[in-house]
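The values are calculated or read from the model by the stated rules, or taken from the named source; none is laboratory data. Remember, predicted model here, so these are calculated numbers, not experimental data. Positions of Cβ are backbone-derived with ideal geometry, glycine not excepted, and every protein chain shown enters the neighbour counts. Surface accessibility is based on the protein's heavy atoms, side chains included, excluding ligands, DNA and RNA. Shrake-Rupley method; radii C 1.70, N 1.55, O 1.52, S 1.80 Å.
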Amino acid sequence: MAIGSALLQATGRMLTAPIFISGGYSALTQPGGRVEAAGPTLDTMREYLPFLPDDDELLVRANGALQLAAGTGLLLGIKPRVSALALAASLVPTTLAGHAFWEMGEEDAAVHKTHFSKNVAALGGLLLVAGADVGKKAAQKAAKKAAKKASRQS
């Protein structure tokens, strides 16, 4: 990877991480209104994932802990693809629970539509991080394998 590209990717990761670190810490330590907001989404999730605990506060705090840990991993470049995938997975229910603008009155809906859109943009960025260099690594592995095979044949 070119140094410029690597620098851009590292900077992008570091600029993406703080929102998850601060939001995760807040949800972990002060779940507050998030628990009530998450309730309907968690109830729907339990229909498909019956093993989820009934304790909504526990799940909100666990999601916060996941975002804090994965956000820190993303910031520090520790397993960035795994961190990005974990954040992406946690962002979907968080966004649906916190910014369901289609269920709100007109006044609240406008603000939450913007937050929903920002979260979707963050999700796109996380997926870019998760997919970074996947094709390049596969190509490098194939090239090494071909070179090894060619050296054996000569």
By how many degrees, between 0 and 90 and to the nearest 10, does the Cα long axis of helix 3-29 differ from the longest principal axis of the chain? 30 degrees
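Based on the Cα coordinates of region 61-106, what is the per residue volume of their convex hull in Å³? Intermediate values should be presented prior to the final figure.
Working: hull volume 3.5 nm³, N = 46.
Spread over its residues, the Cα hull of region 61-106 gives 77 Å³ apiece.
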Enter the angle in degrees (range 0 to 90, nearest 10) between the Cα long axis of helix 56-76 and the first principal axis of the Cα atoms of the chain, meaning the one along which they spread out most. 30 degrees
Taking all protein chains as present, what is the carbon and sulfur share of the accessible area of region 1-135, in % to the nearest whole number, probe 1.4 Å? 67 percent
Dividing the mean separation of Cα pairs under 8 Å (6+ apart) by the residue count of the chain yields a relative contact order in percent of 25 percent
Within region 9-44, find all residues whose amide N lies under 11 Å from a label point positioned 7 Å from the Cα of Asp133 along Cα-to-beta-carbon. 9-10
Assuming 0.36 nm per residue, please report the length gained on full extension of the stretch Lys79 to Ala121 beyond their Cα-Cα distance. 13.0 nm
Zone reached by a paramagnetic label modelled 7 Å from Leu49 Cα along Cα→Cβ, restricted to region 1-42 with backbone N below 17 Å, covers 24, 28, 35-42
Contour excess over end-to-end distance, with Cα ends at Val111 and Glu36 and 0.36 nm allotted per residue: 25.1 nm
How many angstrom separate the Cα center of region 1-60 from the Cα center of region 85-154? 14 Å
Considering the convex hull of the alpha carbon atoms of the chain, report its projected area averaged over all viewing directions, in nm², one decimal. 12.5 nm²
Probe 1.4 Å, accessible area per residue of the chain, Å²: 64 Å²
Can you tell me the 0 to 90 degree angle between the C-alpha axis of helix 32-48 and the longest principal axis of the chain, rounded to 10? 70 degrees
